[in-house]
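Single-structure report; data block below.
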Amino acid sequence: MTSVAIIGAQWGDEGKGKITDFLASKMKAVVRFQGGHNAGHTIWVDGKKSVTHLLPSGVIRPGIVSVIGQGVVVDPAQFKKEVENLKTQGFSISPNNLKLSLNASVITIYHQLLDQARENKSRLRIGTTGKGIGPCYEDRASRRGIKVSDLFNTHLLPDKLARSVEEKIVLLRHYDISFPSIEEETKRLIDLAEYLRPYAFETYGLLNEFQKNNEPILFEGAQGLLLDVDFGTFPYVTSSNTSVASTLTGAGGFLPEQRWGVLKAYTTRVGEGPFPTQMEPEVESRLRTFGNEFGSTTGRERKCGWLDLPLLKYAIKFSNLNGLILTKCDVLAMMNELQVCVAYELKGKTINESYPGLDLYQVKPIYQKLPKLENISQCNREHLCDSLQQYVDFLEKNLQCPIHIVSFGQDREELYLAKSFNL
Ligand code: IMP
């Protein structure tokens, strides 16, 4: 059976949660393989909203195993909070359907304090979510980090934590931030470890077993390709590789045959960094209101802009995508006009596709006006209204990639499946 990776093709917040939730019904397992609770995946079921940050979106579907792979950075308190919240909402979450890799990295309080201190007090402001993601990945790379398995070794944990914290304490003092003692943090982590213990698992083996038995697996990307630490708009990126390549390092042994990018019918971005197609303030504000474009993790206003084809072509290429999913078309339909950036102009030259190192602060978008989206209420599972079909045709032609699914509303059912969709 086919395995699929769902990856954000822009700067995150493309509406991956709903798509993952839909595809999950066809899968044996849903796997997170990078990022942490900086993500925010929103799913609407029967008019009720559920948001996951750390847990895979598939966790609310009965009969599916949700896996947090080893490439994820895990805040144990957040894990507990999300599991408890979803249980309160009536979802059935247990160690039978939720597995946490023993090899995943642990976010400590020091990571969070340092992330926030840098945002508030250092010379480089990235606009992070402040959840400790960057400092935790730094510790993994410098081999000072703590793994989930370390939480259960109470004799060694204080020493491992001390090694991890040694240099961070210097930095926190530099930023004049107070922090808990190692003893206090050890105690907090050991308490949380008891909650995590039944969920902790050797997920690599489990996933390989599924693969051996030909079971379909869905890989749920977090953030978006333009936030990739290597190919994104560095330094205004997250600290992991958000591309399909991370399925190998973050879950182990998998390169999914289907690699689908999710893109909004327009573009949004949170945090700092260049944004060539950002709209004029008045138009932007209308789109933000129509699309409720506020961060589901931090509540921050998202910057809004028209679709950016040069960046999308680049993202499709470097992550080797072979399919696309278009979302939030109903929101774009509320606007009085429709424009798409088809190329950039830079120093008299036309650039059709972005590339690493291109100075996105300097490029000038070249826009093409398209017919406004109308009659969206005529769309259903088998049919798109004419204006949206034309938009889809235009994008497929320009991006040279098939669009398998189109979302035209927030509810689970508001999805069109193209003929090319064959799961
Ligand atoms: P960090 O991942 O918290 O370190 O933040 C780095 C950058 O990625 C900031 O611009 C964040 O706003 C952005 N970011 C992180 N996670 C998400 C997400 O899930 N959606 C959109 N932007 C994100």
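What number, in nm² with one decimal, is the all-direction average of the projected area of the convex hull of the alpha-carbon atoms of the range 34-187? Walk me through the numbers on the way to the answer.
Values: hull surface 39.9 nm².
Value for the range 34-187: 10.0 nm².
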With label points built 7 Å along Cα→Cβ from the Cα atoms of residue 292 and residue 378, find their separation and express it in nm.
2.8
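Rg/Rh for the range 278-333 to two decimals, with Rh computed the Kirkwood way over all alpha-carbon pairs. Mind dumping the intermediate values first?
Details: Rg = 13.3 Å, Rh = 13.0 Å.
Result: Rg/Rh = 1.03.
More than 17 angstrom separation, counting every C-alpha pair in the range 350-423; what % is that? Walk me through the numbers before you get to the answer.
Numbers: 1521 of 2701 pairs.
In whole percent, the share of Cα-Cα pairs in the range 350-423 beyond 17 Å is 56.
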Of 49, 16, 303, which is the most mobile in a GNM of the chain whose springs link Cα atoms less than 10 angstrom apart?
49
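If each DSSP helix of 4+ residues adds -39,500 (n - 2.57) and the sum is divided by the residues in the chain, what number results at 222 nm, nearest 500 deg cm²/dmol?
Helices in the chain give a 222 nm mean residue ellipticity of -9500 deg cm²/dmol.
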What do you get when you divide the Cα radius of gyration of the range 298-368 by 2.2 N^0.38 Å, with N the number of residues?
1.26
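Which FRET efficiency, nearest 0.05, do residue 364 and residue 88 yield, Cβ-Cβ r, R0 60 Å?
Details: r = 50 Å, r/R0 = 0.83.
The calculated FRET efficiency here is 0.75.
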Between the range 320-354 and the range 212-261, the Cα center-to-center distance that results, in Å
22
For the range 167-269, just the Cα set please: Rg and Dmax, both in angstrom.
19.2, 54
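For a footprinting-style exposure proxy, rank 181, 3 by other Cβ within 10 Å, fewest first. Can you show the working numbers first?
Numbers: 181 9, 3 24.
With the fewest neighbours first, 181, 3 line up as 181, 3.
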Angstrom value of the Kirkwood radius, inverse mean 1/r, which spans all Cα pairs in the range 127-180:
12.3
The chain: antiparallel bridges as % of DSSP beta bridges, rounded to 5, reads 40
Rounded, prolate or oblate: pick one for the range 13-66, where a ≥ b ≥ c are the square roots of the eigenvalues of its C-alpha gyration tensor, a/c under 1.5 means rounded, and failing that, prolate if a/b is larger than b/c, else oblate.
oblate
Using only Cα atoms, tell me the angle between helix 386-399 and the longest principal axis of the chain; keep it within 0 to 90° and round to the nearest 10.
70
With all distinct Cα pairs included, what does the Kirkwood hydrodynamic radius of the range 223-360 come out to in Å, to one decimal, could you say?
16.1
Listing 327, 233, 88, 350 by rising number of other beta-carbon atoms within 10 angstrom, fewest first, gives 88, 350, 233, 327
R0 = 35 Å: FRET efficiency of residue 412 with residue 213, Cβ-based, nearest 0.05?
0.80
For each of 417, 395, count neighbouring Cβ atoms within 10 Å of the residue's Cβ, then give the residues from fewest to most.
417, 395
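How much of the DSSP bridge set in the range 1-110 is antiparallel, in percent, rounded to the nearest 5? Could the numbers behind the result be given before it?
Values: 5 of 14 bridges.
Expressed as a percentage, antiparallel bridges in the range 1-110 total about 35.
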What is the pair-distance distribution P(r) of the range 290-423, computed from all Cα-Cα distances in 10 Å bins starting at 0, with each bin given as a whole percent?
11, 37, 38, 14, 1
Rounded, prolate or oblate, given the Cα gyration tensor of the range 193-248, with a/c below 1.5 counting as rounded?
oblate
Compute the separation of the alpha-carbon centres of the range 381-410 and the range 148-206 and state it in Å as a whole number.
47
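Just the C-alpha atoms of the chain: what Rg/Rh do they give, with Rh taken as the Kirkwood radius? If you can, show how the numbers build up before the last one.
Details: Rg = 21.4 Å, Rh = 22.0 Å.
For the chain, the value is 0.97.
Values in this text are rule-based calculations from the coordinates and carry no lab data. Because the structure is a prediction, the values reported are computed rather than measured. So basically every Cβ, Gly included, is an ideal-geometry build from the backbone, and we count neighbours across all protein chains shown.
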